[in-house]
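What follows is a single structure, written as structure tokens, with notes after it.
The values are calculated or read from the model by the stated rules, or taken from the named source; none is laboratory data. Everything numeric here is computed off the predicted structure, so don't read it as measured data. Note that we place each Cβ from the backbone using ideal geometry, even for glycine, and neighbour counts take in every protein chain shown. All accessible areas refer to the heavy atoms of the entire protein, side chains included, with ligands and DNA or RNA removed. Shrake-Rupley method; radii C 1.70, N 1.55, O 1.52, S 1.80 Å.
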Amino acid sequence: METLENHINGKRQLPASGNYLEGYAPATGERIALIPRSTEHDVNQAVAAAKEAELEWASLSKEVRANWLDRIADALEECHDEIARLESMDTGKPISIARAVDANRSVANFRFYADLIRNLEDQEFQMSDATNRVLRRPVGVGVLITPWNLPLYLLSWKVAPAIGMGNTVVCKPSELTPMTADLLMRVIEKVGLPAGVVNLIHGTGAEAGAPLVEHKDVRFVSFTGGTDTGAVVARSAAGSFKKLSLELGGKNATIILDDCDLDRHMDAIVRASYLNQGQVCLCGSRILVHSSIKEKFTRRFVDAVEHLRIGNPSDESTELGSLISPEHLSKVQSYVNLAIQEGGTLLTGGGMPCLTDGLEGGNWITPVIIDGLAPDSRCSTEEIFGPMVTLHSFNSDDEAIKIANGTRYGLAGSIWTTDLERGERIAQSLDTGMVWVNTWLHRDLRVPFGGVKDSGLGREGGYWSLGFYSEATNICIMKDE
Ligand code: NAD
């Protein structure tokens, strides 16, 4: 079992309170870590370290900062297997996913932003009598708060552009999945990044996250997590006009049109529903199927889901792991019960899979499919964030759009059709930040990422992240004569 430490001003540090949280492996229930239970005292030290490092770091050229990002990427890549192992153990996700999704993307995030920032040019706008030059200056000290479902993937997505643009940061990873954030700090120490540029505080949202957001010296907050927590963060940041990016929850629709090629797309539709046990903000937890193919689709979908291999996350062949915590498992189970109360039919799943070898103590549930619920029922509109999908039918494109848009969320969606023009037309009518046609979670790191309505505020990704992690300053210079 490991005892983790905070990372402040280039040094490992115990929490001032001397108290620790216990970290458990979700697949077994085994205790794997003691996590600093940091409080305001630690927060103040971390912010002070970031503030102290601010001027010198900001004074470096973008090329020098981009070189640091590349060095971090190289050192992270050397730990590729370790990232996958820790992430799988800490989250309960299959090792193959931890490798292909989490480890690969964490390295790629640093490389991608190194390139983008190195090649970033100041914009210039000519007038007949003057030149406008737009500089991108650092914002200052920032706080980066991340959830448990894609721990290093999301943390690296924030750290790389934030420090690349000349800011210094304090990270606050989820208290449920601190292991790879700790690994990133070890990598940062190893490459010798100047002290104070990246600091990390472990602990709960209330004790460590809230004082970070409130801190007077913090100028921006990038938060990824639940919508209700996002509202608390937004209220707290508003008083001091901190720059804010909120990436929040979703209730995404997967729309299957009558001309969908099921042979070709069924595996991808199953993946869109259950990747990471449905614990991806982009997962399609509502499947809307054209009524003419509903019966055929349902038969094939249930069959494919029942064949998913659920079990030991460290087995290479495992496709579904465990849920993150006993509390989250109870939440998903309560939605299965609610679905039945709301008049739905349980087509499959909802039980404990038959597991041995210590996995009996983990947070397991077989993937759930519910049919027959009204599109405006609670189970069809609230974010469950687990391996549970509701099926609905529609008779026209307009009806599909109306159902898809009928939630408080607006993060993402996907449309499956052989008619790409029809797919794109429907995509333009969805109230979401992102829509895929005949694919899902197909990511180009240059494109904007984020949601509308209660799914968030602002966009990250590509130049959108560079915009958030900087202040645009226009200098207008009058020409001679
Ligand atoms: P959460 O909101 O409970 O916690 C997220 C982070 O916020 C954690 O680090 C937590 O400690 C911290 N936190 C909690 N209260 C806080 C407070 N008052 N002040 C500051 N920080 C606080 O979310 P979670 O359960 O860890 O993650 C699941 C949620 O994240 C889901 O709703 C999911 O949709 C969402 N999510 C969104 C995206 C996206 O890009 N839109 C990506 C991944 C996850």
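Summary table below
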quantity: Candidate set from region 366-386 (those that are of a type in the set (Gly, Ala, Ser) and in contact with a strand residue (DSSP E or B) (Cβ under 7 Å, 6 or more places away or on another chain)); member that is farthest from ILE403 (Cα to Cα); calculated: GLY372
quantity: Failed condition for GLU214, given (1) away from the ligand (no atom under 16 Å from the Cβ); (2) under 29 Å from LEU34 (Cα atoms); (3) of a type in the set (D, E, K, R); calculated: (1)
quantity: Count - residues of region 252-265 that are surrounded by fewer than 18 Cβ atoms within 10 Å (Cβ to Cβ) and either among the basic types (Lys, Arg) or within 23 Å of the chain's Cα centre (by Cα) (or both); calculated: 1
quantity: Strands (runs of 3 or more DSSP E) fully within region 362-481 counting 1 or more residues that are more than 19 Å from ILE293 (Cβ to Cβ), away from the ligand (no atom under 16 Å from the Cβ) and touching a Gly at 6+ places or on another chain (Cβ under 8 Å); calculated: 368-371, 470-478
quantity: Residue satisfying all of: in region 266-279; out of contact with any helix residue (DSSP H, G or I) (no Cβ under 8 Å at 6 or more places or on another chain) and open to solvent by 10 Å² or more (accessible area, probe 1.4 Å); farthest from the ligand (Cβ to nearest atom) among these; calculated: ALA268
quantity: Filter result for the condition that a residue is surrounded by fewer than 20 Cβ atoms within 10 Å (Cβ to Cβ) and touching a helix residue (DSSP H, G or I) at 6+ places or on another chain (Cβ under 9 Å), over GLY18, GLY23, GLY10; calculated: GLY10
quantity: Out of LEU262, LEU308, sole residue that is aliphatic (A, V, I, L, M) and in contact with a Lys or Arg (Cβ under 9 Å, 6 or more places away or on another chain); calculated: LEU262
quantity: Failed item in (1) of a type in the set (A, V, I, L, M); (2) outside any strand (DSSP E or B); (3) closer than 24 Å to HIS215 by Cβ, with VAL169 passing the rest; calculated: (2)
quantity: Residue count, region 147-173 (criterion: open to solvent by 10 Å² or more (accessible area, probe 1.4 Å) and either of a type in the set (Ser, Thr, Tyr) or closer than 16 Å to ARG12 by Cβ (or both)); calculated: 1
quantity: Output for region 217-244, where each listed residue is among the aromatic types (Phe, Trp, Tyr) and within 12 Å of the ligand (Cβ to nearest atom); calculated: PHE223
quantity: Residue pairs meeting the criteria (Cβ under 8 Å; at least 6 apart or on separate chains; first free of Cβ contacts under 8 Å to residues at least 12 places away in the same chain, in region 204-223; second open to solvent by less than 10 Å² (accessible area, probe 1.4 Å) and more than 8 Å from the ligand (Cβ to nearest atom)); calculated: none
quantity: Residues satisfying the stated conditions in region 74-105, i.e. under 25 Å from ASN119 (Cβ atoms) and surrounded by fewer than 17 Cβ atoms within 10 Å (Cβ to Cβ); calculated: ASP74, ASN104
quantity: All positions within region 344-361 that are outside any helix (DSSP H, G or I) and open to solvent by less than 50 Å² (accessible area, probe 1.4 Å); calculated: GLY344, THR348, GLY349, GLY350, GLY351, PRO353, LEU355, GLY358
quantity: Among (1) surrounded by 24 or more Cβ atoms within 10 Å (Cβ to Cβ); (2) closer than 30 Å to SER325 by Cβ - the single one ARG408 does not satisfy; calculated: (1)
quantity: Test set (1) more than 11 Å from the ligand (Cβ to nearest atom); (2) of a type in the set (Asp, Glu); (3) open to solvent by less than 40 Å² (accessible area, probe 1.4 Å) - GLU247 fails condition number; calculated: (1)
quantity: Filter result for ARG71 (surrounded by fewer than 24 Cβ atoms within 10 Å (Cβ to Cβ) and in contact (Cβ under 8 Å) with a residue 40 or more places away in the chain); calculated: yes
quantity: Filtered residue count, region 180-210, keeping only those that are away from the ligand (no atom under 12 Å from the Cβ) and open to solvent by 10 Å² or more (accessible area, probe 1.4 Å); calculated: 8
quantity: Residues within region 280-308 that are outside any strand (DSSP E or B), away from the ligand (no atom under 16 Å from the Cβ) and open to solvent by less than 10 Å² (accessible area, probe 1.4 Å), tallied; calculated: 3
quantity: Within region 362-379, tally of residues that are over 24 Å from ASN252 (Cβ atoms) and surrounded by fewer than 16 Cβ atoms within 10 Å (Cβ to Cβ); calculated: 0
quantity: Residue satisfying condition, being over 27 Å from ASN104 (Cα atoms) and modelled with pLDDT of 95 or more, within set GLY423, GLY386, GLY461; calculated: GLY423
quantity: Search result, residues across region 163-179 that are within 23 Å of GLU63 (Cβ to Cβ) and either among the β-branched types (Val, Ile, Thr) or within 16 Å of the ligand (Cβ to nearest atom) (or both); calculated: ILE163, THR168, VAL169
quantity: Residue within region 126-145 that is within 16 Å of the ligand (Cβ to nearest atom), in contact with a Leu (Cβ under 6 Å, 6 or more places away or on another chain), of a type in the set (A, V, I, L, M) and in a strand (DSSP E or B) present; calculated: yes
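Matching residues to (1) in contact (Cβ under 8 Å) with a residue 40 or more places away in the chain; (2) under 21 Å from LEU184 (Cα atoms); (3) not assigned by TED's automatic domain parsing to the domain that holds SER222:
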| position | (1), (2), (3) |
| --- | --- |
| PRO36 | yes, yes, no |
| THR39 | yes, no, no |
| ASP42 | yes, yes, no |
| ALA66 | yes, yes, no |
| ALA108 | yes, yes, no |
| ARG111 | yes, yes, no |
| LEU120 | yes, no, no |
| GLN123 | no, no, no |
